Protein chains: 2
Amino acid sequence: MNGAESLVRTLVNGGVDTCFTNPGTSEMQFVAAADRVPEMRCVLCLFEGVASGAADGYARMTGTPAATLLHLGVGLGNAISNFHNAFRANVPIVNIVGDHATWHRKHDAPLGSHIEAYARPISGWVRTVESALDMPEAAHAAIEASLGPPGQIATLITPADCTWDESDEPMTDPVLFRGFRSVDERIIEGAAAALRSGQPAALLMSNFALRTKGLDLASRIANKSGARVICDTFNPRLERGAGRAPIERMPYFAEQAIQSLAGIKHLIVVGTKAPVGFFAYPGLPSEIAPPDCKVHVLARVDENIIDALKRLAAAIGADKVAPTLQELKRPPLPAGELNPESVARSLAALMPEHSIISDEGVSAGLPLLPFTAGAPPHDWLFGTGGSVGQGLPVGTGAAVACPDRRVICLQADGSGMYTVQALWTQARESLNVTNVIYKNNAYRILAIEHERVGGGKPGPKATDLFALDNPDIDWIRLAGSMGVPARRAATAEEFSAALAWSLEEEGPTLVEAAIVQHDMSAA
Amino acid sequence: MNGAESLVRTLVNGGVDTCFTNPGTSEMQFVAAADRVPEMRCVLCLFEGVASGAADGYARMTGTPAATLLHLGVGLGNAISNFHNAFRANVPIVNIVGDHATWHRKHDAPLGSHIEAYARPISGWVRTVESALDMPEAAHAAIEASLGPPGQIATLITPADCTWDESDEPMTDPVLFRGFRSVDERIIEGAAAALRSGQPAALLMSNFALRTKGLDLASRIANKSGARVICDTFNPRLERGAGRAPIERMPYFAEQAIQSLAGIKHLIVVGTKAPVGFFAYPGLPSEIAPPDCKVHVLARVDENIIDALKRLAAAIGADKVAPTLQELKRPPLPAGELNPESVARSLAALMPEHSIISDEGVSAGLPLLPFTAGAPPHDWLFGTGGSVGQGLPVGTGAAVACPDRRVICLQADGSGMYTVQALWTQARESLNVTNVIYKNNAYRILAIEHERVGGGKPGPKATDLFALDNPDIDWIRLAGSMGVPARRAATAEEFSAALAWSLEEEGPTLVEAAIVQHDMSAA
């Protein structure tokens, strides 16, 4: 058995049976091996940024790693943006990158590059195999490394000769998960004392704290102590909707975020870090919490978040208190103008139970969370690392992970163009994805940021650089070119009809929502 | 004047007046400054891989750097693939990457990343500005660094506060070019002795040796000495066609390349390195030259190539010998089946004088060079670093550089999908680009490489991973969605008609060539 087959079989034995890939010559032995291992599903992506984003979406929904298979440093380069988001989402991914044969590397052939340099910033674990005999052990180690905790990208670099040379049998040992560290009792006590102090307090949560169980516990703690419960602006996955405990969201813009925490004396941080501005602005501090606010890190992302919340609840006697759960409350279908709010209302009225939302709505996305709060239970996936071009790929991977659920990608037009090739993979795999494109023909967020960083009102050149209407991008033809049926909507009624059509279709569809946007602050 | 304006003005003062960009919040002050500096042209790209490829194409045609303006580490990540190609092409680029404000970096905000780690492998020079006061000097140094020699990517990382803080006046000092090193006389003598030896010899050339003057000198040397003259498989720019000295091309596949040099005793390397296999294969050596062949490096890429060729010609008395120049010889228009050969014939029959060809034809591109040898004089731009998704962006940048010339992108379908957003920029800028898409619905090269690396005939899963027909990609709709008119051709006659139409149009157009491909070796 050669190195590639031992690699593929070790992956499958370790539960990694889905591979998002855009392979090249150096990865052909992996592809050949996959043909001999029926358990390995290979999902072809026309661009590596789709593969990395899809692996992220897959892991957010399954909690287990998919593999990515990429072509040398340049293929990894194309994947970096969405790996950056996955890195910030703390998800497990086994990232396999082919390389030139060990004996070919020194010759600096055209495709030679510093793969490890590209891999390190987004990986928690990097290893270059130097012999086919090391392949099974290295593959097994990569799976274990990917699980962390926290979940992380484990990059395994596989020179071509290590894939075609004779190797050992694949590993069959169980994959060991090191487990989340338990939080020291003194930390629980410190947070409990803060909550008992009577001073204004808030829990700031992300990651596993935002699953149903964590939200339930936090709500009990809030109801007992009077603390507010807030989630990060961008989270890997938020379970929400009817039957779940609702949560405030930290505003995106730094001054609004600072305002939202004004007066808070104790910030109890759960599965995230003390909040900082997404960007820096002249005259604004980086830190969002008030200077006199004490930050209590209850549980880091590598610690047992749910256990810590349970113990905190018990410590303040909140375990006997009922949580506040969201009632089912769908709004009526909207009428008239199609704008971010009417899109949100229509979505809330129509989205099926257990929908998975991949949200890259950017400036158009602001009304989404408030209006969909009372929708049936669903999962919300955010852009975690701020790198755009995530929405369609993450939705694609989530749909591969959850074929029985409806995925809805809420995608701004500008960011959607970065990784638009995801539509093709959705069609190839017949994934039940509803893609809603917010078409405002602009990088609208940049016009806002231009002023906020002190650039003043955008001049003609800046305005031109933020405009996507020259030429106008026709998303109906664009989707159709990749086998995805699409409809256009310019009124709220048209949008609801198109959304209803899309949600009933088998396979991917796209709705181009020609939205009107008024002043940002009104959104 | 703030740091951003001082940066932009220093760039313009140094001759860098074109910026291919996809900016974000961190780069808004640059955008605002560009509005105050009319000389700076900003070309918006919907994806950073288009920007980096366009800067490469621009520099190949002008010899001077364009700027790229990218958003943090993730924007740079998206640009890496085509920067890798530009790095291999030894072209100058001033690559400006925004970063968080210096005082914000330590907070590890979501978009924080190791920008320098991504930049170093593709840059010859990297500097992070730490104060707005350093901006003019750093910008000036970046321009000089980009010129080399050899030309290289100079990456200037600009934290946001260094763009909005008060800076100094822009620099107006002339940009100094260090100049190419002159080759030692003993090296000229060594090469001359080899040519006089009467043993079989060849010149292997790339970079500036492939401009008209270098080709002319090499042809004289060949005619005097009997040496063959060969270019690398992939070159930044080859001047060819009627009136220029023709040149052999090194075959792509290692065993054919090895065969082509069989019997050569002296390989005189000019503006490139001793040849190595593009990939490694089981049982094949990395080095292409025969073991008993002596390699003479006449001129490295940072040395004065033309001067070295002149002196070599003089040393062997070739300066009085006439070169062999290509006659104008267009083939008749082809008829019948549309295949790579008929595309090449049609192109040779119709391409205008001084066309610029951006060639990413991959498996369909093999017949292009032989059939277009006698076309009117033109420039040929190759994929230099082996990273796909270069063809459309490089053609886009070349068209920005040379508005009076016709650019023809010969683009395979699979690789074209990586950076298809280039079409939008072509339409936005009304560039005279003819995009020919070789539509074979496959990553055909991979099916070939699958066998060559020892994977045998592709099995069903591999075949599926190489197929682009599920769903079929409709390039007419795809181009139309981004404002590029397109026509489809399925016969040689239809292709010639569509090509003729495209070559007459103002602005970009696209021809989808539905080609039939027979056995690779016959191509």
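Whether any residue in the range A:304-313 is in a strand (DSSP E or B), crowded, with 17+ Cβ neighbours inside 10 Å, within 20 Å of the chain's Cα centre (by Cα) and of a type in the set (A, V, I, L, M) is what I want to check. No: zero hits. Applying the condition of being closer than 20 Å to A:Ile153 by Cα and facing chain B (nearest Cβ under 8 Å) to the range A:9-25 and asking which residue is surrounded by the fewest Cβ atoms within 10 Å (Cβ to Cβ) yields A:Thr21. Residues in the range B:187-206 that are under 14 Å from B:Asp307 (Cα atoms) and not aliphatic (A, V, I, L, M): 1 in all. Does B:Glu303 count as free of Cβ contacts under 8 Å to residues at least 24 places away in the same chain, among the acidic types (Asp, Glu) and assigned by TED's automatic domain parsing to the domain that holds B:Ala202? Taking the combined requirement at face value, the residue does not satisfy it. Here the condition is being small (Gly, Ala, Ser), assigned by TED's automatic domain parsing to the domain that holds A:Ile445, touching a Leu at 6+ places or on another chain (Cβ under 8 Å) and part of a strand (DSSP E or B); of A:Ser358, A:Ser387, it holds for A:Ser358 alone. If you go through the range A:481-497 and keep only what is more than 14 Å from chain B (Cβ to nearest Cβ), in a helix (DSSP H, G or I) and either within 28 Å of B:Arg428 (Cβ to Cβ) or touching a helix residue (DSSP H, G or I) at 6+ places or on another chain (Cβ under 6 Å) (or both), you end up with A:Ala492, A:Phe495, A:Ser496. Taken over the range B:26-68, the criterion of being surrounded by fewer than 24 Cβ atoms within 10 Å (Cβ to Cβ) and either among the hydroxyl-bearing types (Ser, Thr, Tyr) or not assigned by TED's automatic domain parsing to the domain that holds B:Thr10 (or both) is satisfied by B:Thr62, B:Thr64. On the stretch given as the range A:27-48, residues that are at the interface with chain B (Cβ under 7 Å from one of its Cβ atoms) and assigned to a helix (DSSP H, G or I) total 5.
Tell me which residues, restricted to the range B:396-425, are closer than 18 Å to B:Ser502 by Cβ and in a helix (DSSP H, G or I). Outline the logic, then answer.
We begin by selecting, within the range B:396-425, every residue closer than 18 Å to B:Ser502 by Cβ; these are B:396, B:398-399, B:402-413, B:416, B:420, B:422-425.
Within the range B:396-425, B:Thr396, B:Ala398, B:Ala399, B:Asp413, B:Gly416, B:Ala422, B:Leu423, B:Trp424, B:Thr425 qualify.
Do the conditions hold for B:Leu195, that is, is it modelled with pLDDT of 95 or more, in contact with a His (Cβ under 9 Å, 6 or more places away or on another chain) and within 30 Å of B:Gln326 (Cα to Cα)? Answer is yes for this residue.
Restricting attention to the range A:424-480, the residues that are β-branched (Val, Ile, Thr), facing another protein chain (nearest Cβ under 10 Å) and more than 19 Å from A:Val388 (Cβ to Cβ) total 2. If we keep just the residues of the range B:368-384 that are outside any helix (DSSP H, G or I) and farther than 27 Å from B:Ser81 by Cβ, which is nearest to the other protein chains (Cβ to nearest Cβ)? The residue in question is B:Ala373. The requirement of being out of contact with any Phe, Trp or Tyr (no Cβ under 8 Å at 6 or more places or on another chain), more than 16 Å from A:Pro508 (Cα to Cα) and of a type in the set (Phe, Trp, Tyr) is not satisfied by A:Phe382. Of the residues in the range A:69-76, at least one is within 7 Å of chain B (Cβ to nearest Cβ), surrounded by 24 or more Cβ atoms within 10 Å (Cβ to Cβ) and under 18 Å from B:Ile445 (Cα atoms).
The values are calculated or read from the model by the stated rules, or taken from the named source; none is laboratory data. All figures in this text were calculated on a predicted structure; none of them were measured in a lab. Here the Cβ is made from the backbone with ideal geometry for all residues, glycine too, and neighbour counts use every protein chain on show.
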